[in-house]
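Readers should treat all values here as calculations from the given coordinates under stated rules, not as data from a laboratory. These numbers were taken from a predicted model, which means no experiment stands behind them. Don't worry about glycine lacking a Cβ; one is built from the backbone with ideal geometry, like all the others, and counts go over all protein chains shown.
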Amino acid sequence: MTSQLSEAAAPFASMRGNLPSPEEYRKRKVALISGITGQDGSYLTELLLEKGYEVHGIIRRSSSFNTSRLHHLYEDQHERPNKFKLHYGDLSDSTNLVYIIAQVQPTEVYNLGAQSHVKVSFEMAEYTGDVDGLGTLRLLDAIRTCGLEKHVRFYQASTSELYGKVVETPQSETTPFYPRSPYGVAKLYGYWITVNYREAYGMYACNGILFNHESPRRGRTFVTRKISRAAADIFLGKQSCLYLGNLDAKRDWGHARDYVEGMWLMLQQDKPEDFVLATGETHPVREYVEKAFGILGITIKWRGSGTDEEGYDEKTGKVLVRVDPRYFRPAEVELLLGNPAKAERLLGWKRKVDFESLVKEMVEADLEASKTRIENQN
Ligand code: NDP
Ligand code: GDR
């Protein structure tokens, strides 16, 4: 019954006649990644190329350079000819997505593309809903339109922001969702439409509910990278003070390289399921600040409270960190702490990088980058 319905609903169902069986089709290893230019997209591309995949990515047309995280992979191109290709596209453009799926005929699709900044989502709520919520539907439907719903495995970049307001900790696959931002609400749609297409059309579609993961490739406006970059610049005398929002928010921070491996593992199982990836530890923003400056030999002490709180260098007394309410969110997610037991048990996944090593890697990378950086370059 289910498959009859899905065939009737798929406008390009006739393409099926020319397709090999799903088992035969999946002997190729062809991945399509939306959001390939982002932090996770770049690590996932590296992983899949190492595993012998042909990797295709969707990139947006931009007036300035947006492929810097992929630059080193381009350079390796002649060693791996025809293994890595980029296509112009956008999650807001269904026709384009159908065209790309039909052209690439992927065996695995990773939907990492998103307006991924929580604070920005309050300012661009409709756009975030369109790209992060409906964009997921468009990509799933493009797969179905091409008659590939039984052939393609689909990964949805779901998020710990779904949990939002604390209902229980640690948060697991069974914890109820209570999103606290337009981003979280849009991702809630993405989560459920993925579950729905799995149940309605028998698609192999999984949600990875990933807790925060960082790296030296993290976007500069996310808090960890903002701190590691500022700490390096302050240490080198290029910046005088770091302005932050809520210092008390707690996050479960892991390393992006570990998390992309979990994404891939989710698509290699016998049956599709949803998984939490997390470290099982949580730390407040202020601890990240202390650790980052600590790596550079600066001990941060705190005084004052609320918006008057400030962090100063214990040795010199100079104020290096101040609170700026501009960075507060209209509704905050105060505490995230994940339970990765299911992924550890069924996928054999475990994070390798701990909190201390993550902060150290990020600060050291930013210190090196800061020494050679020419400002205002695209
Ligand atoms: P980034 O912000 O680094 O990357 C987002 C990617 O999405 C970029 O490649 C961006 O392209 C692309 N993108 C943005 N808008 C569109 C659009 N309209 N159409 C197509 N592509 C678009 O995010 P991360 O790599 O950190 O995260 C990857 C995914 O995982 C995101 O969906 C995010 O929401 C989710 N997630 C991330 C977590 C984390 O801690 N990093 C945790 C849980 C979930 P461009 O470069 O042109 O801007
Ligand atoms: P988050 O990441 O909102 O958890 O979303 P972010 O690093 O932006 O914020 C983490 C916490 O730090 C507090 N904070 C600040 N945040 C930013 N960006 N800038 C500041 O100056 C600042 N000061 C304090 C925030 O209030 C928040 O509590 C990330 C994104 O990658 C999402 O796409 C992803 O889904 C989730 O992680 C899991």
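Proximity of backbone amide H atoms, modeled 1.01 Å from N, is registered between Leu242 and Val321, Arg322 at under 5 Å, excluding neighbours fewer than 5 places apart on the same chain.
Extending 7 Å from the Cα toward the beta-carbon at both Thr221 and Ala200 defines two label points whose distance is 3.3 nm.
Rounded to the nearest whole Hz, the Karplus-based 3J(HN,Hα) values (6.51 cos²θ - 1.76 cosθ + 1.60, θ = phi - 60°) of the range 108-121 follow the sequence 9, 10, 10, 8, 9, x, 5, 7, 9, 9, 4, 5, 4, 5, with x at glycine and proline.
Looking only at the range 310-333, which residues have a backbone nitrogen under 19 Å from a spot 7 Å from the Cα of Val166 in the C-beta direction? It comes to 329-333, nothing else. Around Gly317, under 15 Å between beta carbons, what's the net of Lys plus Arg minus Asp minus Glu among the other residues? Computed value for this residue: +2. Put simply, the amide H of Gly338, placed in the peptide plane, has neighbours under 5 Å in Gln171, Thr279, Gly280, Glu281, leaving out anything fewer than 5 places away on its chain. In a reduced charge model with +1 at each Lys and Arg Cβ and -1 at each Asp and Glu Cβ, the chain shows a dipole moment near 460 debye about its Cα centre.
For the range 310-378, give the magnitude of the charge dipole about the Cα centre (Cβ charges: +1 Lys/Arg, -1 Asp/Glu; no others), in debye to the nearest 20. Intermediate values should be presented prior to the final figure.
Numbers: 13 positive and 14 negative charges, 62 e Å.
Using Cβ point charges on Lys, Arg, Asp and Glu, the range 310-378 gives about 300 debye.
Using +1 at the C-beta of Lys and Arg and -1 at the C-beta of Asp and Glu, which of Leu91, Ser181, Ser160 has the Cα lying farthest in the positive direction of the dipole of the range 2-210? Farthest towards the positive end: Leu91. Inter-label distance, Glu123 to Lys85: 3.8 nm, where each label sits 7 Å from its Cα along the C-beta direction.
Applying 0.36 nm per residue to the separation of Lys352 and Arg373 and subtracting their alpha-carbon distance, the gain on full extension is 4.6 nm.
With a cut-off of 19 Å on the backbone N, the residues of the range 178-201 near the modelled label site 7 Å out from Glu334 along Cα-Cβ are 178-181. Charges were assigned to the Cβ only: +1 to each Lys and Arg, -1 to each Asp and Glu. The resulting dipole of the range 2-210 about its Cα centre is roughly 260 debye. When only alpha carbons are used to place a centre, the range 269-306 and the range 109-167 end up 25 Å from one another.
In a fully extended conformation the segment linking Thr316 and Arg28 would gain 97.6 nm over its present Cα-Cα distance, using 0.36 nm per residue.
Please tell me the relative contact order of the chain in percent, rounded to the nearest whole number, where contacts are Cα pairs under 8 Å and at least six residues apart. Each step should come with its number before you reach the end.
Working: 731 pairs, mean separation 63.5, N = 378.
About 17 percent, as a whole number.
List the aspartates and glutamates whose alpha-carbon lies under 12 Å from that of Lys250, not counting same-chain residues fewer than 8 positions away? Answer for Lys250, where 12 Å is the Cα cut-off: Glu281, Glu287, Glu332, Glu334, listed by chain and number.
Ranked by how many other Cβ atoms sit within 10 Å of their own Cβ, fewest first, the residues Arg373, Arg180, Arg61 fall in the order Arg61, Arg373, Arg180.
In this simple spin-label approximation, Arg303 and Glu50 carry label points 7 Å from Cα along the Cα→Cβ vector, and these lie 4.8 nm apart. Within the same chain, lysines fewer than 8 places from Lys51 are excluded, and of the rest, those with a Cα less than 22 Å from its Cα are Lys27, Lys29, Lys83, Lys85, Lys271, Lys350, Lys352. Along the Cα-to-C-beta direction of Arg345, a point sits 7 Å from the Cα; which residues of the range 158-188 have their amide N less than 14 Å from that point? In the range 158-188, the label zone of Arg345 (backbone N under 14 Å from the point 7 Å along Cα→Cβ) covers 172-175. For a quick check: with amide H placed at 1.01 Å from N, whose amide H comes under 5 Å from His87's, ignoring anything fewer than 5 positions away on the same chain? Those lying under 5 Å, H to H, from His87 are Gly57, Ile58, Ile59.
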